[in-house]
Structure formats: C-alpha cells, structure tokens
Amino acid sequence: MRFSALEILKQGLTGNKGWTQHWRDPAPKSNYDVIIIGGGGHGLATAYYLAKNHGITNVAVLEKGYIGSGNVGRNTTIVRANYGLPGNSEFYSHSLKLWESLEQDLNYNVMHSQRGIINLFHSDGQRDAFVRRGNAMRNQGDDAELLSRDDLRKMVPYLNFDNARFPVRGGLMQRRGGTARHDAVVWGLARGADQRGVDIIQNCEVTGIDIENGVVKGVQTTRGPITAKKVGIVVAGRSSQVAAMAGMRLPIESHILQAFVTEGIKPAIDHVISFGMGHFYISQSDKGGLVFGGDLDFYASYAQRGNLPMAEHVMEAGMALMPAIGKAKVLRSWGGIMDMTPDGSPIIDKTHINGLYLDAGWCYGGFKAVPGSGYSFAHLMATDTHHEPAAKFRLDRFKTGRSLMDEEGTGSQHNLH
Amino acid sequence: MRLTCPICGERDRREFYYQGAATILDRPDPEAGIETWDDYLHNRDNPAGETRDLWYHDAGCSSWIVVTRNTVTHEVLGSELAKDVKGRKS
Ligand SMILES: Cc1cc2nc3c(=O)[nH]c(=O)nc-3n(C[C@H](O)[C@H](O)[C@H](O)COP(=O)(O)OP(=O)(O)OC[C@H]3O[C@@H](n4cnc5c(N)ncnc54)[C@H](O)[C@@H]3O)c2cc1C
Ligand SMILES: [Zn+2]
C-alpha cells in the first residue's frame, strides 16, 4: 500500500479497517544470497539499499529480538553533519543528504525535522575551535553559521546566558541538523526492504558463523542453519560477540550511554541544543517530552541501564544551561550498548574471511549514520569495493596508525571517547 | 555501582577512574612486533558477563586496582591491587 493524504482520508472515512501490515513475517528459507545479522537501523538500511541500488533481493535480515529493540530505538535521534575530519566529514555529509530525501524515497513519514542544531560555546578557545569546524563543514558543502550571543538571545532566550562559570558566548548552528522519529525510521526501512523482497526475520538469533577454508558459508541460528554467499555483521553493541563467532577479536569495547525523557510539556525548545561545558544535549519530541542525554557512563557494560553518577551529571548540566526545565519531571531513563572504537569513528570493511563483512563501531553517534552506513555497506557487500564517502572506515587503521579519525582529539584509546 | 578497593573498602564508583580491560597490564616486549602491539593496544575480548578491568582510586588511596565484575548485571565480584596481579603474571 502506498501512503498518501488521499489514503488517510479514504481510510478515515471507512473506519481505518483497510490498513495492511507494513512488512511480512516470513519463516527463514534455507538459503539466501546475502544475510544481514542485526535488525537495527544499519542492518535494515543495508538490506534496503542492497535491494534498491544493487538489485540484490534474495536477502534476509536476522534479528534476535524485534527490529528496533537495540540502539536505534533507544537514542536521542540527533541527525547532523557537523564533523570536522576527513573521512567522517564526507560520510556524514552524504548521510544527511540521504536523510533529506528519505521520506519521499521510502514513502514513509519518519518525522525528519530539520529544526537546526546549535552547539554552544563558552570561551574564546571554544569559539576558535567552532569557527574552524564551521569552515570545515562549509568546505564540505554543508551549512554552518556562527551565532553571536545577541543572535542567541533572540532565538533561545531561555538559556542561562550569564552563568558565572560558563557564560554563553555564542554558538555554531547547522540549520539542516535536527531529529527524526527513531521507530519510524526502523519501520520505514523495514517496509521498504520488505517491499523489494527482503525477508525480515525477527526472534532469530545468530549463534554461529560457518566458515570453510576461509570462506563464509552461512550462519547457525536459533531457527536453524541458513546458508548464504555473503554475510554482513551489523550488530552495534554486540559486535564483539558476533565477530568472535568468526574467530575475530575487534577493536571495540561496549559501553552504556543513557538517555532521559520528561513528561510532555507545551512546545518550549524548538532546536537541538548542546552545552559546550560538561556534556548535555536536548531537544523536544513531537509528543512534548524533553529528550536529553550526556556522556557515556565510562566503563564496559552490557546492562542497557546506567548508573546514577552520569544521571546526576546530566541533570546538573541541564540545570546550569536552562534552569527552567527543572520544573519538568523526568519520566524515564534507559541505556543502550555502544560499540566504542579507540578513535571514536566507525568501521565499514571486509574481514579476512571471504564473504564476511563488518559494519560496526558507531559509538554514540550512529543514528544520523543510518542511511549513509546502509548505502555504503550495501555498496561494499554488492561490489567488493569501498564506497567513496565511507572509504576511510578501515579496520586496519589502528594497526597502521594511518587515517585514524579521532574527532575529539583525545587520543586513540578505548577509555577516551 | 560501588567498587571495593582492597585498601579503602567499598566506595562510590565516582571515586575511581576507569582505564579499561586488565589485559593492559600484560605489556608485550617492545620488539614483539606490530600484530602483537596492535592486539594489545586496540583489540578486546569485550565479554558480556564476567570481566576484569583496571581502575584507579583517584579520590582515595591512589592505587591501581583490578576489579572482577559482571558487565551484564554490574555485580562486583572482587578486587585486587594491580601490583599484586602484575607480579603474579610476570
Ligand atoms: C541513549 C543513546 C543516545 C544516542 N543518541 C544518538 C543521537 O542523538 N544521534 C546519533 O546519531 N546517534 C545516537 N546514538 C547512537 C545510535 O543509536 C547507534 O550508533 C546506532 O543506532 C547503532 O546502529 P544500529 O541502529 O544498527 O544498532 P542497533 O539498533 O543496536 O541494532 C543492532 C541489532 O543487532 C541485533 N543483534 C545483536 N546480536 C545479534 C545476534 N547474535 N543475532 C541477531 N541479531 C543480533 C540486536 O538485537 C539489535 O537489534 C545514541 C545511542 C544511545 C544508546
Ligand atoms: Zn583505595
């Protein structure tokens, strides 16, 4: 079924009885051309672009739980292209362009809202760094604007401009940045892939990867063995476990990142805003909840829930920046498992096993990457050549030390990002 | 999460700095070669379950400690001074 205003009207007038399932619930076949392990944003996008761009439709996405049960359904949904380093810069630029046509492309409302992201600065040094970043973004062909304190006073008057310790001095704005509805992205991609023939198989955990003489043959799952010519590992926080099934040890450590949401309130925060001191970012969902988060808890964890110290830090930072939100009650908090790499940048690459590919290491920033990663990973799996915008996301960069992408400039070490 | 320092006892997680997997104590020979060094510096077992990691009691006695804990439940199972662990290994 194609979604349209006319369809909504027709269904509305006929009791909404004609809506059909968005994707099928097929039983796994015994063989596919391509198996994608992991039904998160990246896995579904990969399947979608394999079918759409490369005509490879004999594809299964194997998801151990339900699609969207991982990080893609747990994140704060910030979509932006304001990275500064070669490698990241062109990749996120490409991904943002895909976001801009994603809804038309999928015929699905993913509620992509380019409300603008404002990264605040609080010192001269920070301003200089943001000017440089803004120039890098513009050189990449994306938009960036430096906002003065007066500009900000007009746009976001509720900030605590005169905080004694962290006065707001200005901000770097990307108007094309914003948010999207996480679940809708999952559903839209699943529907798009399914319509092109991809089997999306939920409650199907991969428990082993079959390899013979250095060539991948298929996978073992909780729903039986399945053979395939090519297998892609796209399991975010679980990358180490799944790669270990193929005898690999990855440069990844899994950490928790928490997020928080308040009760719904009237529209108050029109942009995505990030504090330049401490770690705090916030936006308001269409339901009215304030959605915000901060830094990792900073220790290896698979718990999908965090600890109090980071919750406290995030609340403190929020109160320092916009005291007004202190009136809102926090309804829920949760955590997701982040696949942290030493330099904080991702991996889209082949492995040493023929036919086995890896898309991982998205750290805390992979929601914005969903279409770009799927597009580039599908290209790699289909053609065995690296897609230009993602060509620097190599697995061996840690070994060679070349082309590390340490966006924060803190060093290429697991506990520093 | 509360961690137990062998010297100071049970303390809030905030008093500690997290370094990472305790394998960092098994430093290879300087001439061990690029593969060994890459593996040591970057690659991790990253277990879902019991793990051993290295923490620094920053706001306490300034000891480096090896904590055994469960990454799925956050249960803390024990701790030792890093210098004892390291001594035992070499
Ligand atoms: C709190 C939080 C806030 C975040 N905020 C942002 C943000 O504002 N902007 C941004 O760009 N990014 C953000 N991120 C990061 C982003 O969510 C992730 O980088 C991205 O979603 C990871 O890719 P994915 O969607 O494919 O992962 P997931 O959704 O985690 O998908 C992986 C899937 O693999 C499945 N799987 C695992 N093992 C197996 C197996 N053995 N067999 C079968 N299936 C398996 C899992 O069940 C899961 O569904 C945030 C993350 C969190 C947790
Ligand atoms: Zn101590």
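The values are calculated or read from the model by the stated rules, or taken from the named source; none is laboratory data. Quick caveat: nothing in here was measured; it's all calculated off a predicted structure. Positions of Cβ are generated from backbone atoms using ideal geometry, with glycine treated the same way; all protein chains shown enter the neighbour counts. Note: areas computed on protein heavy atoms with side chains; ligands, DNA, RNA excluded. Shrake-Rupley method; radii C 1.70, N 1.55, O 1.52, S 1.80 Å.
Of all residues in region B:69-90, count the ones that are within 16 Å of ligand 2 (Cβ to nearest atom) and open to solvent by 20 Å² or more (accessible area, probe 1.4 Å). Counting residues in region B:69-90 that are within 16 Å of ligand 2 (Cβ to nearest atom) and open to solvent by 20 Å² or more (accessible area, probe 1.4 Å) gives 7. Scanning region B:1-31 for residues that are away from ligand 2 (no atom under 13 Å from the Cβ) and in a loop (DSSP other than H, G, I, E, B) yields B:1, B:26, B:27, B:28, B:29, B:30, B:31.
Once region B:12-25 is narrowed to residues that are touching a Lys or Arg at 6+ places or on another chain (Cβ under 6 Å) and more than 8 Å from chain A (Cβ to nearest Cβ), the residue that is least open to solvent (accessible area, probe 1.4 Å) is B:22. Looking across region A:386-417, the residues that are at the interface with chain B (Cβ under 9 Å from one of its Cβ atoms) and crowded, with 18+ Cβ neighbours inside 10 Å come down to A:398, A:412, A:414, A:415. Can you tell which of A:310, A:381, A:315, A:338 is more than 22 Å from the chain's Cα centre (by Cα) and either within 27 Å of residue B:18 (Cα to Cα) or modelled with pLDDT of 95 or more (or both)? Of A:310, A:381, A:315, A:338, the one residue that is more than 22 Å from the chain's Cα centre (by Cα) and either within 27 Å of residue B:18 (Cα to Cα) or modelled with pLDDT of 95 or more (or both) is A:315. Are any of the residues in region A:161-171 modelled with pLDDT of 95 or more, open to solvent by less than 60 Å² (accessible area, probe 1.4 Å) and part of a strand (DSSP E or B)? Checked against the condition, which is being modelled with pLDDT of 95 or more, open to solvent by less than 60 Å² (accessible area, probe 1.4 Å) and part of a strand (DSSP E or B), region A:161-171 yields at least one hit. Applying the condition of being under 26 Å from residue A:342 (Cα atoms) and more than 21 Å from the chain's Cα centre (by Cα) to region A:271-298 and asking which residue is modelled with the lowest pLDDT yields A:278.
Residue A:115 satisfies every condition listed in (1) assigned to a loop (DSSP other than H, G, I, E, B); (2) in contact with a strand residue (DSSP E or B) (Cβ under 8 Å, 6 or more places away or on another chain); (3) buried (at least 20 other Cβ atoms within 10 Å of the Cβ); (4) not hydrophobic (A, V, I, L, M, F, W, C) except (3).
The lone criterion from (1) more than 11 Å from ligand 1 (Cβ to nearest atom); (2) open to solvent by 40 Å² or more (accessible area, probe 1.4 Å) left unmet by residue A:192 is number (2). The residues on offer are A:345, A:285, A:333, and the sole one that is open to solvent by 10 Å² or more (accessible area, probe 1.4 Å), under 30 Å from residue A:129 (Cα atoms), of a type in the set (Gly, Ala, Ser) and away from chain B (no Cβ under 11 Å) is A:285.
For region A:176-189, the condition of being more than 16 Å from ligand 1 (Cβ to nearest atom) and away from chain B (no Cβ under 14 Å) holds for none of the residues. When A:213, A:203 are screened for being within 16 Å of ligand 1 (Cβ to nearest atom), away from chain B (no Cβ under 14 Å), surrounded by fewer than 16 Cβ atoms within 10 Å (Cβ to Cβ) and over 30 Å from residue A:314 (Cα atoms), only A:203 passes.
Assessment of region B:43-51 against the conditions (crowded, with 18+ Cβ neighbours inside 10 Å, away from ligand 1 (no atom under 16 Å from the Cβ) and more than 17 Å from residue B:77 (Cα to Cα)) yields at least one matching residue. Among the residues of region B:32-60, those that are out of contact with any Pro (no Cβ under 8 Å at 6 or more places or on another chain), part of a loop (DSSP other than H, G, I, E, B), within 26 Å of residue A:307 (Cβ to Cβ) and away from ligand 2 (no atom under 16 Å from the Cβ) comprise B:45, B:46, B:47, B:48, B:49. In this structure, is residue A:383 within 14 Å of another protein chain (Cβ to nearest Cβ) and among the β-branched types (Val, Ile, Thr)? So residue A:383 does not fit the description; no.
Among the residues of region A:253-274, the one identified as crowded, with 18+ Cβ neighbours inside 10 Å, more than 14 Å from ligand 1 (Cβ to nearest atom), more than 14 Å from every other protein chain (Cβ to nearest Cβ) and part of a strand (DSSP E or B) is A:262. Within region B:61-90, the only residue that satisfies the criterion of being of a type in the set (Gly, Ala, Ser), more than 24 Å from residue A:416 (Cβ to Cβ) and either facing another protein chain (nearest Cβ under 9 Å) or part of a strand (DSSP E or B) (or both) is B:78.
Look at region A:297-313: where a residue is more than 7 Å from every other protein chain (Cβ to nearest Cβ) and a partner is in a helix (DSSP H, G or I) and surrounded by fewer than 18 Cβ atoms within 10 Å (Cβ to Cβ), sitting 6+ places away or on another chain with Cβ atoms under 8 Å, you get A:297/A:309.
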